[in-house]
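What follows is a short report on a single structure.
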Amino acid sequence: MSKGVLTFFCGKMGAGKSTKASEIAREGNAVLLSEDEWLASLYPNKISSLNDYIEYSSLLKPQIKKLVQSILSLGTNVVMDFPANTLSQRDWFRSIFSEIEAPHSLVYIDVTNEICLQQIGKRCIEQPERAATDTTEMFEQVTKYFIAPTSEEGFNIIKVAQNA
């Protein structure tokens, strides 16, 4: 039986990763897993800083990895709306697909900081519950760690440029 394809995303905060993940999952009849949804459900009102996010996200990852590997092994595609914005985050994704020899796609959404900040502003209006963490300050803090993927990393990269 062939394995499902793992699709995951790289892009700055506000770049449109969640929107693109939903679109790809819908079009590809894939299972969509959203880190934001898992964190909000399992750890409600616990994440108010970057350190909180790192702590709770790391608690999720071992179980999510097992879940994704089992779904992929059954031949079902998985779209993960989890960030692959740093080398260590991408290494985690690599471990998921490489350990079971599943195909993958890394969707890199390349947009300017200005577009990201505009989209974050819109998101705060549409989703007021995110206004506490979706701030310009949080964007600047998180963006300091952002590293765009390179071909040398060996991923199947699909680059998407978004315009406002």
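With respect to the stated conditions, Asp81 is closer than 20 Å to Ala148 by Cα and in contact (Cβ under 8 Å) with a residue 40 or more places away in the chain. Considering only residues in segment 83-115 that are within 12 Å of the chain's Cα centre (by Cα) and of a type outside the set (A, V, I, L, M, F, W, C), the one that is nearest to Pro62 (Cα to Cα) turns out to be Gln89. When restricted to residues that are in contact (Cβ under 8 Å) with a residue 40 or more places away in the chain, loosely packed, with under 15 Cβ neighbours inside 10 Å and among the aliphatic types (A, V, I, L, M), segment 108-131 contains 0.
Can you tell me which residue is nearest to Ser34 (Cα to Cα) among those in segment 82-135 that are touching a Pro at 6+ places or on another chain (Cβ under 8 Å) and not in a strand (DSSP E or B)? Once the filter is applied, the top-ranked residue is Ala84.
Taking segment 1-48 as the range and being in a loop (DSSP other than H, G, I, E, B) and either of a type in the set (A, V, I, L, M, F, W, C) or closer than 20 Å to Ile147 by Cα (or both) as the test, the residues that pass are Met1, Val5, Gly11, Lys12, Met13, Gly14, Ala15, Gly16, Ala30, Ile47. A single entry from Ile147, Ile71 fulfils the requirement of being outside any loop (DSSP other than H, G, I, E, B) and among the β-branched types (Val, Ile, Thr): Ile71.
Every number here is computed from the coordinates shown, using simple stated rules; none is lab data. Source: prediction; values computed, not measured. No Cβ is skipped: glycine too gets one built from the backbone with ideal geometry, and neighbour counts run over all protein chains shown.
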